[in-house]
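Enquirer: Quick one: the structure is below, questions incoming.
The values are calculated or read from the model by the stated rules, or taken from the named source; none is laboratory data. Fair warning: this is a prediction, and the values are worked out from it, not measured in the lab. Neighbour counts are summed over all protein chains in view; Cβ atoms, including those assigned to glycine, are modelled from backbone coordinates with ideal geometry.
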Amino acid sequence: EDKVVQSPLSLVVHEGDTVTLNCSYEVTNFRSLLWYKQEKKAPTFLFMLTSSGIEKKSGRLSSILDKKELFSILNITATQTGDSAVYLCAARSNSNSGYALNFGKGTSLLVTP
Amino acid sequence: DSGVTQTPKHLITATGQRVTLRCSPRSGDLSVYWYQQSLDQGLQFLIQYYNGEERAKGNILERFSAQQFPDLHSELNLSSLELGDSALYFCASSVGGGLRTDTQYFGPGTRLTVL
């Protein structure tokens, strides 16, 4: 059964701290790994990773994929209160029923002033 | 704003009833995906349509069905509703059919409450 596990489940930090969010996956015919940020409503896309070892960066956020060890990390440096959200990772797989996105349960991040 | 629209925003109904959720994808996107998000299960993929045809199926119950119309909007039909169907239902769209580099953009969701 396809599985995506995120850790920690929840995190509270002070503004300015650096955080690392983890995502491990076991899916059939893995294709890519995606990170989303979910605030009040709809998830918004952050990164898509398809190759091992290549860091993707957007401002204070960065992410990397390890296809050998089957995990990805999302780093946020110099956190701000606006980073408070649930961060979701999803592994795209290809099975007999086609492509699907398998989501983890998310890491809830709270950044306090 | 992702460009994906969903109606209605909220829906409250009774057990045993049937509802229809509607989604319009971003302009130019051919794929529509439906997801269910509940507190205990997290975000669950239900089904994908690409250019009017079913492309992938996830954890969708037999009481649920979906279709994509020629103008590419999609509807998710939920019937014989149970209390456990209460959740946030998201629609997402993408340009292609779900290839490895295809990014999905999510709509604002429809919150369904079954009483």
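Enquirer: Suppose we filter B:F64, B:F90 for residues that are surrounded by 15 or more Cβ atoms within 10 Å (Cβ to Cβ) and within 13 Å of another protein chain (Cβ to nearest Cβ); which single one remains? Talk me through it step by step, then tell me what you get.
Expert: Numbers: B:F64 fails: within 13 Å of another protein chain (Cβ to nearest Cβ).
On inspection, the qualifying residue turns out to be B:F90.
Enquirer: Pick from A:S52, A:S63, A:S32: which is part of a strand (DSSP E or B), of a type in the set (G, A, S) and either within 11 Å of chain B (Cβ to nearest Cβ) or surrounded by fewer than 17 Cβ atoms within 10 Å (Cβ to Cβ) (or both)? Before you say what the answer is, go through the steps one by one.
Expert: Working: A:S52 fails: part of a strand (DSSP E or B); A:S63 fails: either within 11 Å of chain B (Cβ to nearest Cβ) or surrounded by fewer than 17 Cβ atoms within 10 Å (Cβ to Cβ) (or both).
Just one listed residue meets the conditions, A:S32.
Enquirer: Mind telling me which of the residues B:R55, B:R22, B:R111 ends up being touching a residue at least 40 places away in the same chain (Cβ under 8 Å), in a strand (DSSP E or B) and either loosely packed, with under 15 Cβ neighbours inside 10 Å or more than 14 Å from every other protein chain (Cβ to nearest Cβ) (or both)? Let's see the steps before the verdict.
Expert: Values: B:R55 fails: either loosely packed, with under 15 Cβ neighbours inside 10 Å or more than 14 Å from every other protein chain (Cβ to nearest Cβ) (or both); B:R111 fails: either loosely packed, with under 15 Cβ neighbours inside 10 Å or more than 14 Å from every other protein chain (Cβ to nearest Cβ) (or both).
Within the list B:R55, B:R22, B:R111, the selection yields B:R22.
Enquirer: I'm checking my understanding of the structure. Among residues of the stretch B:41-52 that are facing chain A (nearest Cβ under 9 Å) and surrounded by fewer than 20 Cβ atoms within 10 Å (Cβ to Cβ), which one is nearest to A:R92 (Cα to Cα)?
Expert: B:Q44
Enquirer: Filter the stretch A:68-89 down to residues that are touching a Gly at 6+ places or on another chain (Cβ under 7 Å) and in a strand (DSSP E or B), then give me how many there are.
Expert: Number satisfying all stated conditions: 4.
Enquirer: Answer yes or no as to whether A:G16 is surrounded by fewer than 22 Cβ atoms within 10 Å (Cβ to Cβ) and without any contact (Cβ under 8 Å) to a residue 40 or more places away in the chain.
Expert: No, not satisfied.
Enquirer: Right, here's the next one. Test B:D1 against the criterion of being surrounded by fewer than 17 Cβ atoms within 10 Å (Cβ to Cβ) and under 25 Å from A:S108 (Cβ atoms), and give yes or no. Break it down stepwise before answering.
Expert: Numbers: surrounded by fewer than 17 Cβ atoms within 10 Å (Cβ to Cβ): yes; under 25 Å from A:S108 (Cβ atoms): yes.
Taking the combined requirement at face value, the residue satisfies it.
Enquirer: Next up: Is at least one residue of the stretch A:82-104 closer than 30 Å to B:K9 by Cβ, in contact with an Asp or Glu (Cβ under 7 Å, 6 or more places away or on another chain) and modelled with pLDDT under 95?
Expert: yes
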